[in-house]
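Colleague: Let me begin by handing over the structure; questions about it come next.
The values are calculated or read from the model by the stated rules, or taken from the named source; none is laboratory data. Fair warning: this is a prediction, and the values are worked out from it, not measured in the lab. Cβ sites come from the backbone with ideal geometry, for glycine too, and all protein chains shown count toward neighbours. Areas reflect the complete protein model, heavy atoms only, side chains present, ligands, DNA and RNA absent. Shrake-Rupley method; radii C 1.70, N 1.55, O 1.52, S 1.80 Å.
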There are 2 protein chains.
Amino acid sequence: MLQPIIHILSAQRNILASSSPRRKQILENIGLKFEVLSSSFEENLDKSQYTPSEYVLETARLKTQEVADKFKVNGLLPDLLIGADTVVAQDNHIIEKPQDKDDAVRILSLLSGRSHTVFTGVVIFVPAHSTVLPRGTKVLDGSYRCTGFVESTDVFMQQMSQEVIHSYIETGEPMDKAGAYGIQAIGGTLVEKIHGDFFNVMGFPLPRFAKELDSIYRSH
Amino acid sequence: MLQPIIHILSAQRNILASSSPRRKQILENIGLKFEVLSSSFEENLDKSQYTPSEYVLETARLKTQEVADKFKVNGLLPDLLIGADTVVAQDNHIIEKPQDKDDAVRILSLLSGRSHTVFTGVVIFVPAHSTVLPRGTKVLDGSYRCTGFVESTDVFMQQMSQEVIHSYIETGEPMDKAGAYGIQAIGGTLVEKIHGDFFNVMGFPLPRFAKELDSIYRSH
């Protein structure tokens, strides 16, 4: 989907405002060239005030804004900034990354044999006065225009015994991940099926992102 | 799902009877140790005589049998042989790997804006007289027991313009793949959503495989 515009993207400076190695890998796999500049924004929004969709979009925006602001100092804005945030939710209740092993046991026990939803918010920033003036972006402040979207995917987990849960936690994989599992490696054996976009469950909704970027740069 | 039995699997000789780099990667990612021995079996079954499910299971069995037979010469059978075959089908009609670029255009035009189904057949061979006597396997011949299953996943493709199709084919990605696309890289941008197991679309249904292997070795 991005191939017809990849020459435009390749000729400009792109920033991924996320330190997630999975997001980096997904974007590298499609041949996009970019630099990684991660945000030090603390994810501290009051979750009780937001739906999961609102929460990920707002967190993605704030994280990306923080990276975007760094470029205002010398006025040399990058051509494209990409930011994202992912959470897992069950019954509209946001489930965090596990705080320790006991917390991972609690989370995986909650997910076992049931479905949950993965939400990722993605934001796209472009300079407000870019010679490429992408369609569909809104002026954010004097420097940038911004657009964004949220993708959700339903995930159905297998029934997991306490033995399976504990031995999975011992692999170390769950500790830095929303919902205490990673679908792309060992955690993939715990998932029965998904409805929606797999890349979204990895943390970056590639198909929708490609469609949005295509629609933005097509106007050019 | 495999973690509780990974110590059994790690202590034995496992063979993946497939040269697919994607299958190798999926099994490596979960920490399984194995050797790759690919089959030279020609996939020549008459497709008009089989449903897609029957076709992939029978092709997987024949490919794996060919590799398994090589070990009969010296009698040192491996502890586990894994084989698989994947096809794409639309309206129960099997779609092959593209023969050339024109064929890839034809296939991708067929898939555009519609759903299709990916079928993978997986077979598991163990020695008939193994000291580990896995449950649920049937005696295949004097040397091996065998079990197998088929996983299917529905894939919904985005509407693709001829420009998108041609520029995707120019990346070279479609040529060695059933259905002329690879979901794990650039082709991932062409897929709108899936219903079912993502790994199956990559060519190896990991969650179901883990469940089967767990059930087989649990009896032990």
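Colleague: Considering every residue within the stretch B:2-12, establish whether at least one is touching a residue at least 24 places away in the same chain (Cβ under 8 Å), away from every other protein chain (no Cβ under 14 Å) and in contact with a Ser or Thr (Cβ under 7 Å, 6 or more places away or on another chain).
Modeller: no
Colleague: Out of all the residues in the stretch B:159-174, is one or more under 30 Å from B:I124 (Cα atoms) and either touching a residue at least 24 places away in the same chain (Cβ under 8 Å) or more than 9 Å from chain A (Cβ to nearest Cβ) (or both)?
Modeller: So in the stretch B:159-174, the residues under 30 Å from B:I124 (Cα atoms) come out as B:173-174.
Next cut, either touching a residue at least 24 places away in the same chain (Cβ under 8 Å) or more than 9 Å from chain A (Cβ to nearest Cβ) (or both) only: B:173-174.
Looking through the stretch B:159-174, at least one residue is under 30 Å from B:I124 (Cα atoms) and either touching a residue at least 24 places away in the same chain (Cβ under 8 Å) or more than 9 Å from chain A (Cβ to nearest Cβ) (or both).
Colleague: Take A:V126 and tell me if it is outside any helix (DSSP H, G or I), of a type outside the set (G, A, S), open to solvent by 50 Å² or more (accessible area, probe 1.4 Å) and at pLDDT below 95.
Modeller: On the way: outside any helix (DSSP H, G or I): yes; of a type outside the set (G, A, S): yes; open to solvent by 50 Å² or more (accessible area, probe 1.4 Å): no; at pLDDT below 95: yes.
When the stated conditions are applied, A:V126 does not pass them.
Colleague: Would you be able to tell me the number of residues in the stretch B:75-110 that are part of a helix (DSSP H, G or I) and out of contact with any strand residue (DSSP E or B) (no Cβ under 7 Å at 6 or more places or on another chain)? It would help to see each step written out before you state the result.
Modeller: Quick first cut of the stretch B:75-110, residues part of a helix (DSSP H, G or I) only: B:101-110.
Right, trim to out of contact with any strand residue (DSSP E or B) (no Cβ under 7 Å at 6 or more places or on another chain) and you get B:101-106, B:108-109.
Total satisfying the criteria: 8.
Colleague: Here is a follow-up. So, of the residues in the stretch B:104-123 that are open to solvent by 10 Å² or more (accessible area, probe 1.4 Å) and in contact (Cβ under 8 Å) with a residue 60 or more places away in the chain, which turns out to be farthest from the chain's Cα centre (by Cα)?
Modeller: By that ranking, first place goes to B:V105.
Colleague: Okay, next question. Just checking, does the stretch A:18-29 include any residue being more than 14 Å from chain B (Cβ to nearest Cβ), crowded, with 19+ Cβ neighbours inside 10 Å and within 16 Å of the chain's Cα centre (by Cα)?
Modeller: yes
Colleague: Looking at B:A178 and the list (1) of a type outside the set (F, W, Y); (2) under 21 Å from A:F199 (Cβ atoms); (3) surrounded by fewer than 20 Cβ atoms within 10 Å (Cβ to Cβ); (4) at pLDDT below 90, which single condition is not satisfied?
Modeller: Every listed condition holds for B:A178 apart from (3).
Colleague: Among the residues of the stretch A:30-71, which ones are modelled with pLDDT of 90 or more, of a type in the set (S, T, Y) and open to solvent by less than 40 Å² (accessible area, probe 1.4 Å)?
Modeller: A:Y55, A:T59, A:T64
Colleague: Which of the residues spanning the stretch B:32-58 are charged (D, E, K, R) and within 30 Å of B:H7 (Cα to Cα)?
Modeller: Filtering the stretch B:32-58 for residues charged (D, E, K, R) gives B:33, B:35, B:42-43, B:46-47, B:54, B:58.
Listed by number, the residues that qualify are B:K33, B:E35.
Colleague: Considering each residue of the stretch B:141-159, count those that are out of contact with any Pro (no Cβ under 8 Å at 6 or more places or on another chain), more than 21 Å from B:T86 (Cβ to Cβ) and either open to solvent by less than 40 Å² (accessible area, probe 1.4 Å) or at pLDDT below 90 (or both), and give that number.
Modeller: 2
Colleague: So, one more: Out of the residues in the stretch B:186-220 meeting the condition of being facing chain A (nearest Cβ under 8 Å) and over 18 Å from the mean Cα position of the chain (by Cα), tell me which one is surrounded by the fewest Cβ atoms within 10 Å (Cβ to Cβ).
Modeller: It comes out as B:E192.
Colleague: Looking only at the stretch A:159-198, how many residues end up being among the charged types (D, E, K, R) and part of a helix (DSSP H, G or I)? Reasoning before the result, please.
Modeller: Here is the first cut: in the stretch A:159-198, the ones among the charged types (D, E, K, R) are A:163, A:170, A:173, A:176-177, A:192-193, A:197.
Right, trim to part of a helix (DSSP H, G or I) and you get A:163, A:170, A:173, A:176.
So the count comes out to 4.
Colleague: Provide a single number: the residues in the stretch B:72-96 that are within 25 Å of B:D154 (Cβ to Cβ) and open to solvent by 80 Å² or more (accessible area, probe 1.4 Å). Lay out the reasoning, then the answer.
Modeller: Our first condition is that a residue be within 25 Å of B:D154 (Cβ to Cβ); within the stretch B:72-96, this holds for B:82-96.
So of that shortlist, the ones also open to solvent by 80 Å² or more (accessible area, probe 1.4 Å) come out as B:91-93, B:96.
Here the count works out to 4.
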